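Asks: Below is one structure. I have some questions about it.
The values are calculated or read from the model by the stated rules, or taken from the named source; none is laboratory data. Since this is a predicted model, take the numbers as computed values, not measurements. Virtual Cβ from ideal backbone geometry, glycine too; neighbours counted across all protein chains shown.
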Amino acid sequence: MAKLTIREGGKSTVYEILDEVVSIGRREGMSVRVSDPHVGSEHCQIRQVPGVGYKLIDLESRNGTKVNGKFVNQHVLANGDEIELGEVKITFAGGAPQPAAARPAAAAPPVARAAPAAAWLFLAMTQQRLGATQETKRALEQFAAAAPNPEDDDERFPRWFLTAFEGKLQSEAKQRLETASSASAN
């Protein structure tokens, strides 16, 4: 397991590298957030590269990134490498990256049940484009109630929803076209 020891302002913090990309900078939301004004808001990244190891990539920062005293744009990190970002010193200690299957899965943030909201959004779009009927609205309510929970699989719900309504919408659109064609023929 690779680790970063971050030294800034007399404090030392250890950060375990668990993700494929570690972002370092001053901006909120960075994996490693520092406060040195000489460090860019999105200063650099450390990426796990299969078959290579860990690669440090400077994100075109204004003050640059040094490894072992030399400015670098990219650098494959070795155990004991010293990274300098302004006054911040980071020591890389690590071995080979863990294979994706061996890494613990990150806990997903809780997601509210989105099926009814997504269903009604789809209905609103459909009404504007195709003039959905009351029958479609009722079917939509039934489908939304039976929809898979997005908490279980975020990817499955949109596919399920589109597949479930594709036939219904095509049938209604075809009916409208036939009605319009027969009206214009008369």
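Asks: Based on what the data block shows, is VAL39 among the aliphatic types (A, V, I, L, M) and over 11 Å from ILE90 (Cβ atoms)? First the steps, then the outcome.
Replies: On the way: among the aliphatic types (A, V, I, L, M): yes; over 11 Å from ILE90 (Cβ atoms): no.
Against the criterion (among the aliphatic types (A, V, I, L, M) and over 11 Å from ILE90 (Cβ atoms)), VAL39 does not qualify.
Asks: Quick one: would you say GLY9 is farther than 16 Å from GLU60 by Cα, surrounded by fewer than 14 Cβ atoms within 10 Å (Cβ to Cβ), in contact (Cβ under 8 Å) with a residue 24 or more places away in the chain and not charged (D, E, K, R)?
Replies: Spelling it out, GLY9 is indeed farther than 16 Å from GLU60 by Cα, surrounded by fewer than 14 Cβ atoms within 10 Å (Cβ to Cβ), in contact (Cβ under 8 Å) with a residue 24 or more places away in the chain and not charged (D, E, K, R).
Asks: Further question: Conditions first: (1) in a strand (DSSP E or B); (2) charged (D, E, K, R); (3) over 25 Å from the mean Cα position of the chain (by Cα). ASP36 passes all but one, so which condition is the exception?
Replies: (1)
Asks: Hey, another quick one. Here are some residues: ALA112, ALA101, ALA132, ALA96. Which one is part of a helix (DSSP H, G or I), among the hydrophobic types (A, V, I, L, M, F, W, C) and modelled with pLDDT under 95?
Replies: ALA101
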